[in-house]
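Reading through the structure tokens given below for one structure.
The values are calculated or read from the model by the stated rules, or taken from the named source; none is laboratory data. Just so you know, these numbers come straight off a predicted model, no measurement behind them. So basically every Cβ, Gly included, is an ideal-geometry build from the backbone, and we count neighbours across all protein chains shown. Just so you know, the surface numbers come from the protein's heavy atoms only, side chains and all, with ligands and any DNA or RNA stripped out. Shrake-Rupley method; radii C 1.70, N 1.55, O 1.52, S 1.80 Å.
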Amino acid sequence: MRRPATTVTFWLVFGASTLENATFNGTSPVIARFVTGSFGASPAAAGVIAALAPLSSLVWQPIAGHAADRYGYRLVGVAGAVAALAGFLLTLLTTVGPQTLALAGLGRILIGGGGASVATVATAWVVATSPRASRGQALSIFGLSVWIAFALGPVIGENVYQTSGFAAVWLVFAAMTAAMLFCVAFAVEPVRPEPAGAMTLSGLREVVSTVSRPGVVAAAAWAGQAVITTYLVVLLESRGLATDGWFGAASLFPVFAVCLIASRVLFSRLTDTTPPRPIAIGGLLGITAGLLILSATSSFWTAALGAALLGFVYAPMYPALTLLASDGLPADHRAVGLGVFSSFTALGMAAGQFMGGFVDEWLGLGWVFVVTAALQLLALPALPPSARTAPPAP
């Protein structure tokens, strides 16, 4: 089997994942201001609307995974991209037509569910096309799509909003979603076993049991990502830091991305040579420290230190937790298993955004980061033992 990073399909899937995550992360800092500014809603209501996208992801990821096992990855990916595009166009409609919060909420649901379908099949695509001995490295390279998007999405969203307003944000992200649709439509379907049959209750129970413990850890980690994406710019803006420009709050996301990419380059083989459990432990502790630094700072340089630390420790978390979740899954239920695992990450994203709105209203924005840091420590006991002995490095 060819290494996936040498194929056109790998890079098309990589591109689809980058665009999906960029549109999701790019709208997260804007959606709270959009809801409060355009509809006059409270910060708590803004948190609820923001959380609709990851909640929709939570529901649709296992459904999309099972559909991909039965009907093919490309078909499900195309359907998800079309749904996400419809969500952005509906949100755009609220800026030029009837300004109803319900329509904006429906848009968030379609963006979350459609994007989640693309994300689920993209991960399964990489796992299905990677030799087991180099799967960690393939996931490490593929995972860069998530974090490149995490860096670029908020910068794009914030700068488009500052220069052209809310309608331009939704239009730009709709165009990026159309490009995602192109990537998925032209990727080659991976060679898979016979299509899976209908999922039985016992089969679903086995899949959930396999992925639940790494899933709980992923939920805590991705709650941290949601809080950083949604509330960091607003927190630093409230403490006097500019939002745009070279040393504005939005520039912390590229700092995060550069450090993450450096970590991936330095340690790309780490998850193929080291059991994933200790990697995940180090990641949780590092996320805790990074969130606490961000909770206390009003300085760009101190915040950059926290963002750099988070970049380095988040880098190996994605492949380590995905390996812990996927190693025990049968091939004919791999996509649905990874869909269930991804639902935990969506749960974490929703929890971070939903909780953040209420903690902000009750205690203030700084406490949002402190509470989320505590979640990382609470997740430590959920980590399962590594499911495999790491193969020797080639």
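Of all the residues that make up the stretch 265-274, how many are crowded, with 16+ Cβ neighbours inside 10 Å and in contact with a Pro (Cβ under 8 Å, 6 or more places away or on another chain)? Residues in the stretch 265-274 being crowded, with 16+ Cβ neighbours inside 10 Å and in contact with a Pro (Cβ under 8 Å, 6 or more places away or on another chain): 4 in total. If I filter the stretch 323-341 for residues that are aromatic (Phe, Trp, Tyr), surrounded by fewer than 19 Cβ atoms within 10 Å (Cβ to Cβ) and either in contact (Cβ under 8 Å) with a residue 24 or more places away in the chain or closer than 23 Å to Pro54 by Cβ (or both), do I get at least one hit? There is no residue in the stretch 323-341 that is aromatic (Phe, Trp, Tyr), surrounded by fewer than 19 Cβ atoms within 10 Å (Cβ to Cβ) and either in contact (Cβ under 8 Å) with a residue 24 or more places away in the chain or closer than 23 Å to Pro54 by Cβ (or both). Just so you know, in the stretch 84-109 the residues that are aliphatic (A, V, I, L, M) and open to solvent by less than 30 Å² (accessible area, probe 1.4 Å) include one that is farthest from Gly37 (Cα to Cα), and it is Ala84. Of everything listed in (1) among the hydroxyl-bearing types (Ser, Thr, Tyr); (2) outside any helix (DSSP H, G or I); (3) buried (at least 24 other Cβ atoms within 10 Å of the Cβ), the single unmet condition for Ser298 is (3).
The number of residues in the stretch 147-163 being among the aliphatic types (A, V, I, L, M) and at pLDDT below 80 comes to 1. Taking first residues from the stretch 362-377 that are open to solvent by less than 50 Å² (accessible area, probe 1.4 Å) and part of a helix (DSSP H, G or I) and partners that are at pLDDT 90 or above and of a type in the set (S, T, N, Q), the Cβ contacts under 7 Å between residues at least 6 apart in sequence or on separate chains come to Gly366/Ser295; Phe369/Ser295; Val370/Ser295; Ala373/Thr288; Gln376/Thr288. Here is a check on your reading of the model: is Ser298 closer than 30 Å to Arg239 by Cβ and touching a Leu at 6+ places or on another chain (Cβ under 9 Å)? For Ser298, the condition - closer than 30 Å to Arg239 by Cβ and touching a Leu at 6+ places or on another chain (Cβ under 9 Å) - is met. Is it fair to say Val48 is surrounded by fewer than 22 Cβ atoms within 10 Å (Cβ to Cβ) and at pLDDT 80 or above? When the stated conditions are applied, Val48 passes them. For the stretch 307-321, the criterion of being crowded, with 19+ Cβ neighbours inside 10 Å, assigned to a loop (DSSP other than H, G, I, E, B) and within 20 Å of the chain's Cα centre (by Cα) is satisfied by at least one residue. Any chance the stretch 140-153 includes a residue that's open to solvent by 10 Å² or more (accessible area, probe 1.4 Å) and farther than 30 Å from Ala320 by Cβ? Within the stretch 140-153, not a single residue is open to solvent by 10 Å² or more (accessible area, probe 1.4 Å) and farther than 30 Å from Ala320 by Cβ. Being open to solvent by less than 10 Å² (accessible area, probe 1.4 Å) and either touching a helix residue (DSSP H, G or I) at 6+ places or on another chain (Cβ under 8 Å) or β-branched (Val, Ile, Thr) (or both) narrows it down to one residue among Ile261, Ile287, Ile279; which is it? So the residue among Ile261, Ile287, Ile279 that is open to solvent by less than 10 Å² (accessible area, probe 1.4 Å) and either touching a helix residue (DSSP H, G or I) at 6+ places or on another chain (Cβ under 8 Å) or β-branched (Val, Ile, Thr) (or both) is Ile287.
For Tyr231, the requirement of being in contact (Cβ under 8 Å) with a residue 40 or more places away in the chain, within 27 Å of Ser164 (Cα to Cα), touching a Gly at 6+ places or on another chain (Cβ under 6 Å) and part of a helix (DSSP H, G or I) is met. Residues satisfying the criterion are absent from the stretch 350-365 (criterion: over 30 Å from Ile63 (Cα atoms) and modelled with pLDDT of 90 or more).
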